[in-house]
Amino acid sequence: MAVYTEVSDDALNAFLDLYDLGDVVSFKGIAEGVENSNFLLRTSRGQFILTLYEKRVNADDLPFFVGLMEHLAERGVTCPQPVRNRAGEALGRLAGRPAAIVTFLDGIWIRRPNVRHCGAVGEALARMHLAGADFPLRRANALSLDGWPPLLHAAEEGADSVAPLLREQTAAELTLLQARWPVGLPGGVIHADLFNDNVFFLGERLSGLIDFYFACNDAFAYDLAVCLNAWCFEPDNSFNVSKGQALISAYERVRRLDGAEVAALPILARGAALRFMLTRLVDWLNVPPGAKVAPKNPLEYRDKLRFHQHVRSAADYGLMR
């Protein structure tokens, strides 16, 4: 989350006049994250999140995201629910941006997850995959293999200012992934961005999943690879195999990986690391002036990628078979 676009009081009040949310009590920007402008909205009817969609979010994809959150909630996945206005619409425009209001989930995100947190995430991810099986809309993953060359092109001029030889090393990794990327794996709706700040906990109980604005149709095992990157490394970027084992084992208690998925997991993890390194690199080099946003260090994922490059099999991630 972040704030790129400021919202005036007059614009906010005009927008909220379309809803039955009561009177505004407070309204403030949320500075975490990097993708959209997000605000915590408190009214006399409760707490909500107001999002203005920026950057990589295509307005044509918004019905997919809105419909998916409603679909998952109907099937027992706790996630924010779009708030519809008096006309029954979940999407509008505010400050020149597509905008939506969603319900607020109780809980906090965990900065230093333990093994039990990782297990809870694995189980929730698998349940989400199953719950999305009959979702009728489709959305391609715009930030999968075909989306990475444009990101590299956008960042390559400044890449070596972030780290020596980063452009050359990244280009070599992309070439390898293009040659080895698996196809035909089991798939469906995936979250594609299930980082720590997109999972809420109350104590050690997972209380909900948020931020479905990268959700798409892709391989389930790729989503698991994203989570291995996001949840199972320590602050020094060393991999914690106990966390990996907890994540994968809990996932498999709900949905078992087939042989092709197991074999593909190391290359999928490399791809997930490259994807986040590239998007972070582009953001690091292109922070808009005045934006209330803290860009994330792309070298974190450079280091994680180096770990994945030496992985021999899914057993190195903790898969027990």
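The values are calculated or read from the model by the stated rules, or taken from the named source; none is laboratory data. What you see is a predicted model, and the numbers here were worked out from it, not measured in a lab. All Cβ positions, glycine included, derive from the backbone under ideal geometry; neighbour counts span all protein chains shown.
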- With Glu252, Glu261 as the choices, which residue is crowded, with 17+ Cβ neighbours inside 10 Å, more than 24 Å from Gly147 (Cα to Cα) and not assigned by TED's automatic domain parsing to the domain that holds Asn58? Glu252
- Item | Residue that is touching a residue at least 40 places away in the same chain (Cβ under 8 Å), in contact with a Lys or Arg (Cβ under 9 Å, 6 or more places away or on another chain), assigned to a helix (DSSP H, G or I) and closer than 30 Å to Ala120 by Cα, where the choices are Leu130, Leu151 | Leu130
- Message: at positive phi, at pLDDT 95 or above and over 21 Å from the mean Cα position of the chain (by Cα): is that true of Gly290 in this structure?
- Response: no
- Mind checking whether some residue in region 52-65 is in contact (Cβ under 8 Å) with a residue 12 or more places away in the chain and part of a strand (DSSP E or B)? yes
- Query: Condition test on Asn58, is it in contact with a strand residue (DSSP E or B) (Cβ under 7 Å, 6 or more places away or on another chain), within 30 Å of Val287 (Cβ to Cβ) and modelled with pLDDT under 90?
  - Reply: no
- Report yes if Pro98 is in a loop (DSSP other than H, G, I, E, B) and in contact (Cβ under 8 Å) with a residue 40 or more places away in the chain, otherwise no. no
- Restricting attention to region 196-240, report how many residues are of a type in the set (S, T, N, Q) and part of a helix (DSSP H, G or I). 3
- Item | Test: Gln81 is over 30 Å from Trp284 (Cβ atoms), in contact with a Phe, Trp or Tyr (Cβ under 7 Å, 6 or more places away or on another chain) and not assigned by TED's automatic domain parsing to the domain that holds His191 | no
